[in-house]
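J.: Supplied in structure tokens, the structure appears directly below.
The values are calculated or read from the model by the stated rules, or taken from the named source; none is laboratory data. Everything numeric here is computed off the predicted structure, so don't read it as measured data. When we count neighbours, we look across all protein chains shown, and the Cβ atoms used for this are built from the backbone with ideal geometry, even at glycine.
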Amino acid sequence: MSEAAAGRDLVALPRAAVLMLWSAAYLRGDLGPDDAAQMSYGVGRSGPSGQGEDLFEWMTSLRQLPLAQLRLVLPVPGRLAGLVGPPAAIGPALEAEQAIVVTAAGIADHTLIPVITPVPHEERPLSAITWRKVPAPVGAQVPPTASSGSAREELLHALRRTAGGSVDLDLVPEEPVEPARIPATWISTALPRHLEPSASHLLVLASRTLLLTRAEIEEGHGHTAALAEALTRRGLLDELHEAARSALVETVERIVAAETG
């Protein structure tokens, strides 16, 4: 862990979100591209594979693009909104469940996707990260963000509904998520110094809720015997999961837009 991260709380986020946050810190002038690139790999359990896009060069190239913007996409099968193609970018983005779409003057320039390769290790799981850059189709337009600007309120409303309901989901986003529930496509990171406390809090709340609901959905309905209760439980999980996803995307993009705009 570097001195920049020492003494600060860590938050688990999609690797694409971590890269966007530290890229914004570099563009703001808070630190150099070498330090920002290093911080983008997060804390522990992973590092660069030595292949693919060099993050130092990628970050510095952003300054050469006119009106560069970074868009976070967290796609799932059937929900590809935000991806611009080509097909070579869609499959890897879906597999990683994330991508960064970079635009120049409103036109898509390229998509950046993390490719994770497990590395054998006796003590703990490790991953080598390759960032794959896929040029966008010529002239590809990027639609305006679908964010309503109210993702925070919608997430808090969903959390209140869950807390007041009769189905026990056993979700405690106020506490750190156990490492076993953090997939290899995510990584823990310190947050850049310039973040407003409200943005930091929302990032933590949204990311923890997203991870916890993901784990509960993957575990299925084993906690309940009655079909009606199982369906109610799944409906609440789906609502929370989507609200957390939207809040995470909206918060990251707001932070980055403030630094790159």
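J.: So, in segment 73-124, exactly how many residues are in a strand (DSSP E or B) and under 23 Å from Ala257 (Cα atoms)?
T.: Number of matching residues: 15.
J.: Any chance segment 200-220 includes a residue that's in the same structural domain as Leu240 (by the TED database), in a loop (DSSP other than H, G, I, E, B), under 24 Å from Arg160 (Cβ atoms) and free of Cβ contacts under 8 Å to residues at least 60 places away in the same chain?
T.: For segment 200-220, residues in the same structural domain as Leu240 (by the TED database), in a loop (DSSP other than H, G, I, E, B), under 24 Å from Arg160 (Cβ atoms) and free of Cβ contacts under 8 Å to residues at least 60 places away in the same chain: absent.
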